[in-house]
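Novice: Below you will find the structure I want to go over with you.
Please treat every number below as a calculation from the coordinates, not as lab data. As the structure is a prediction and not an experimental result, all values here were calculated from the model. Methodologically, a virtual Cβ is constructed for each residue, glycine included, from the backbone with ideal geometry; neighbour enumeration extends over all protein chains shown.
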Amino acid sequence: MLSIIQAAGWPIWPLILCSVLALALILERLFQLRAHKVMPAQTLEQAVEITRRGVPPEETVLQLEKKGVLGPVLASGLRCLQKNPAASDEDIRAHMEMAGRLAGRHLERYLTALGTIASAAPLLGLLGTVIGMIEIFAAQTAGSSQPAQLAYGISVALYNTAFGLIVAIPALMFWRYFRSLVDNMLLSMEVASEQFARHLSHLRH
């Protein structure tokens, strides 16, 4: 590996940094976007059950807020009723929508950075290729040729091109996977929030 890095020259170092960052972001998102951490089983059912007799006590609402990412969204509707028992259905939905936006930002965290790495890695590889070509042309002087410098320029060009693609392709695949996963989770949370809002509306009428 060290010999490859030496052959690729200094342009390989930004790509190595990108690969480390991409790996860290992918592992973090794989851990955080697990279904039971975002939408624990029976969260909606439990929220409905604790509200059948009206707004639950503070301790119960706090427990609901600890249930993944969905829990705080559902609890926001109860918080609205705690502050204003006469709140309209629109007010409750507005509070839950705001909590949903915050939950969406939490789910989408680091995806922009991962997408940026997927886009930047091929460009960094291209930069290394250009630098390698410059080394090749520098080796071709008017009166003589320098095979060692020519070989070094070729290695810089090829290694950086290859490594740029090696970093970019997995980063792009995981970015698309996480993007689809987040969209599906947000849709499921939106459906659950609407069902809970309707439940609260029926209890108050």
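Novice: Can you give the extra length, in nm with one decimal, that the chain gains between Leu127 and Ile154 once fully stretched, where that is 0.36 nm per residue apart less the Cα-Cα distance?
Specialist: Difference between extended and current length: 8.4 nm.
Novice: Calculated from DSSP H runs of 4 or more alone, at -39500 (n - 2.57) each and per residue, what is the 222 nm mean residue ellipticity of the chain, nearest 500?
Specialist: Details: 9 runs with 167 residues, N = 205.
Helix-only estimate at 222 nm: -27500 deg cm²/dmol.
Novice: Next up: Calculate the dipole size of the chain relative to its Cα centre from +1 charges on Lys and Arg beta carbons and -1 charges on Asp and Glu beta carbons; express the result in debye to the nearest 20. Write down the numbers at each step before the final one.
Specialist: On the way: 17 positive and 15 negative charges, 51 e Å.
About 240 debye.
Novice: Separate question: Taking a ≥ b ≥ c as the square roots of the eigenvalues of the Cα gyration tensor of the range 1-116, is the shape rounded (a/c under 1.5), prolate (a/b larger than b/c) or oblate? Working shown, then result.
Specialist: On the way: a/c = 5.40, a/b = 3.11, b/c = 1.74.
Here the range 1-116 falls in the prolate category.
Novice: Please name which of Leu62, Leu74, Leu30 has its Cα lying farthest along the dipole of the range 27-105 towards the positive end, using unit charges on Cβ (Lys, Arg +1; Asp, Glu -1) and the Cα centre as origin.
Specialist: Value: Leu30.
Novice: I've got another one for you. Between Ile169, Pro85, Leu186, whose Cα lies farthest towards the positive end of the dipole of the chain when Lys and Arg beta carbons carry +1 and Asp and Glu beta carbons carry -1, centred on the Cα centre?
Specialist: The one lying farthest along the dipole's positive direction is Pro85.
Novice: Rounding to the nearest 10 and keeping the result within 0 to 90°, find how far the Cα-based axis of helix 89-107 lies from the longest principal axis of the chain.
Specialist: Helix 89-107 sits at roughly 30 degrees to that axis.
Novice: Return a whole-number percent for the relative contact order of the chain, with Cα pairs under 8 Å and 6 or more residues apart as the contact set. Walk me through the numbers before you get to the answer.
Specialist: Details: 221 pairs, mean separation 60.2, N = 205.
RCO, the chain: 29 percent.
Novice: Arranged from highest to lowest average of other beta-carbon atoms within 10 Å per residue, in what order do the peptides 30-38, 155-163 appear?
Specialist: Numbers: 30-38: 13.6, 155-163: 20.6.
In decreasing order of mean packing, 30-38, 155-163 become 155-163, 30-38.
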